[in-house]
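Heads up: the structure comes next, in structure tokens.
The values are calculated or read from the model by the stated rules, or taken from the named source; none is laboratory data. Computed from a prediction, not measured in an experiment: that's the story for all the values here. FYI the Cβ positions are ideal-geometry reconstructions off the backbone, even for glycines, and counts take in every protein chain you see. Protein only, heavy atoms only, side chains kept; ligands, DNA and RNA dropped before computing areas. Shrake-Rupley method; radii C 1.70, N 1.55, O 1.52, S 1.80 Å.
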Amino acid sequence: MPKIGDIELPDFPLLLAPMEDVSDPPFRALCKENGADVVYTEFISSEGLIRDAAKSVIKLDIYEKERPVGIQIFGAELDSMLQAIDIVEQSNPDIIDINFGCPVKKVVCKNAGAGILRDIPLMVKLTEAMVKRTKLPVTVKTRLGWDSDSIKIVDVAEQLQDVGIQAISIHGRTRVQMYKGHADWKPIAAVKNNPRMHIPVFGNGDVDTPEAAVRMRDDFGLDGAMIGRASIGNPWFFNQVKHYFETGEHLPSPTMEARVEAARRHLQMAIDWKGEKLGVFETRRHYTNYFKGIPHFKEYRMKMVTSDDSADVFAAFDEVLEKFGDFQFA
Ligand SMILES: Cc1cc2nc3c(=O)[nH]c(=O)nc-3n(C[C@H](O)[C@H](O)[C@H](O)COP(=O)(O)O)c2cc1C
């Protein structure tokens with residue numbers, strides 16, 4: 001069974017990927033309840049944390065019910081990353097994850113995120129210093145390489161392991177690919193097959209069906225799957241995969257009642273966490289996904305995403321249940 005430091009995980013664990021504006025406490029709680037074995041926060045700027053920027057600091061909020069939880073930070077300045085570690089530790093996460101995979105221009109131009117894939121010695125040096133700074137297990141999330149001509153992930157992963165990381169999650173795309181094309185899991189399998197590798201190697205990218213998770217486990221031999229987009233609007237995905245592993249059969253798609261209940265709880269948890277105004281505002285982006293596929297839904301969606309008053313949104317949920325309660329999701 002794979003372990004991250006002392007954290008024992010089940011066979012082929014499913015990890016909720018860090019996702020900006022998505023992997024917040026309410027969403028993480030829903031994923032955890034529905035089978036995610038490890039959850040990660042969205043990425044948090046080390047520079048923002050040091051400045052005590054409220055937007056970064058609130059992202060450190062974690063709750064007992066979601067453990068084991070990893071807090072992900074990004075940056076490329078050694079001092080900032082070390083100070084960020086000290087701040088992150090105060091939130092008492094189970095894991096600290098370093099983001100070496102974000103492809104966005106404003107991040108990579110500062111050598112952070114996937115930008116650091118152009119400077120592997122710096123990547124290793126930063127990682128080593130961060131591992132030394134904390135007693136918590138440090139994990140890394142990265143991509144295959146900067147571009148298709150510079151895929152050295154087997155060597156990079158081994159170097160990161162040798163300076164003390166406890167697990168690595170690899171998105172099977174290069175930085176240049178951004179989110180285009182298909183994730184290539186072969187180089188991730190090569191990392192796993194390196195006989196010197198002994199930490200868990202988790203695969204990431206395009207695990208969007210239970211069958212894909214089976215392929216990642218059985219054909220590519222990876223230690224677990226990190227799941228991102230497939231969970232958006234579908235926090236049930238983790239249990240769907242686990243059910244398929246156990247039975248070879250698909251769970252039925254969640255009913256309208258289950259979807260409304262999830263949306264309701266999502267909104268309530270967001271309000272409890274951030275207050276009425278922000279809770280209502282920040283949960284809006286999830287409704288389209290919870291109710292995807294319902295014909296002529298626009299009128300109801302508009303009710304959910306235009307009111308600032310949670311009572312209106314809860315009323316819209318009731319209306320949807322009343323009107324579309326029998327709708328069969330694909
Ligand atoms: C909306 C969104 C936000 C993301 N934010 C982050 C992030 O904060 N940190 C990170 O390491 N990756 C981030 N990613 C990348 C995902 O963690 C993951 O690597 C990628 O989506 C591929 O996995 P998937 O095919 O399962 O979605 C983000 C992806 C999406 C779609």
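Quick notes
- Surface accessible to a 1.4 Å probe, per residue, for the residues of segment 1-120, Å²: 39 Å²
- Whole-Hz Karplus values for segment 41-51 come out as 6, 5, 5, 10, 6, 5, 5, x, 4, 5, 6 Hz, taken residue by residue from phi with 6.51 cos²θ - 1.76 cosθ + 1.60 and θ = phi - 60°; glycine and proline positions read x.
- With both labels modelled 7 Å from their Cα along Cα-to-Cβ, the Phe281 to Asp218 distance reads 4.8 nm.
- In this structure, the residue pairs whose Cα-Cα separation is over 24 Å, taken from Lys59/Lys292; Lys32/Lys274; Lys192/Lys242, are Lys59/Lys292.
- Rolling a 1.4 Å probe across the protein heavy atoms gives segment 214-298 an accessible surface of 48 Å² per residue.
- The relative contact order of segment 107-227, computed from alpha carbon pairs under 8 Å that lie at least 6 residues apart in sequence, is 21 percent.
- Mean Cβ count within 10 Å, highest first, over the residues of peptides 36-49, 127-140, 54-67: 36-49, 127-140, 54-67
- Here Asp79 and Lys135 are evaluated by their C-beta separation; at R0 = 25 Å the FRET efficiency comes out at 0.80.
- In order through segment 283-288: 3J(HN,Hα) via Karplus (6.51 cos²θ - 1.76 cosθ + 1.60), integer Hz, x for Gly, Pro: 7, 3, 5, 8, 5, 3
- Virtual paramagnetic centre 7 Å along Cα→Cβ of Ala258, amide N under 13 Å, in segment 289-330: 328-330
- Computed lengthening from Asp318 to Gln268, 0.36 nm per intervening residue step minus Cα-Cα distance: 16.6 nm
- Degrees separating the helix 310-324 axis from the principal Cα axis of the chain, which is the longest one: 70 degrees
- Within segment 86-103: backbone nitrogen closer than 18 Å to the Lys125 label point (7 Å, Cα to C-beta): 100
- Angle of helix 78-89 to the longest C-alpha principal axis of the chain, folded into 0 to 90 degrees and rounded to 10: 50°.
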